[in-house]
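Structure first, then comments.
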Amino acid sequence: MPRPSKDSKALNIKIDTELYKQLEQYSADTKLTKTAIVELALEEYLKKKSK
């Protein structure tokens, strides 16, 4: 059974090539999608900035 879709928006960005390679490696190591990693990192960043 497929996962239910979440409410989402597409985000098209450019990042530094080395940072992208690190993201790919982290994704492979943790079995998390790049989307999940970026969402978690952005949530954490915004939490810290809103304090």
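Before moving on, here are some points about what is shown:
- Pairwise Lys count, the chain - Cα closer than 19 Å, eight or more residues apart or different chains: 5
- Label-to-label distance for LYS6 and GLU24 is 2.4 nm, based on points extended 7 Å past Cα in the beta-carbon direction.
- Heavy-atom accessible area per residue - the chain, 1.4 Å, Å²: 106
- Split the accessible area of the chain by element, probe 1.4 Å, and carbon with sulfur accounts for 56%.
- In the complete set of protein chains, residue-level accessible area for ASP16 is approximately 100 Å², probe 1.4 angstrom.
- Exposure of ILE37 as accessible area (Å², to 10), given a probe of 1.4 Å and all protein chains: 20
- If you sort the three axes of the alpha carbon gyration tensor as a ≥ b ≥ c, you get a/c of 1.5 or more for the chain and a/b no higher than b/c, which makes it oblate.
- Relative to the current alpha-carbon distance between THR33 and LYS49, full extension at 0.36 nm per residue lengthens the span by 3.3 nm.
The values are calculated or read from the model by the stated rules, or taken from the named source; none is laboratory data. Note that the structure is predicted; figures quoted are calculated from it, not measured. Ideal geometry is used to build each Cβ from the backbone, glycine not excepted, and the neighbour counts take in all protein chains shown. Remember, those area values only see protein heavy atoms, side chains included, never the ligands or the DNA or RNA. Shrake-Rupley method; radii C 1.70, N 1.55, O 1.52, S 1.80 Å.
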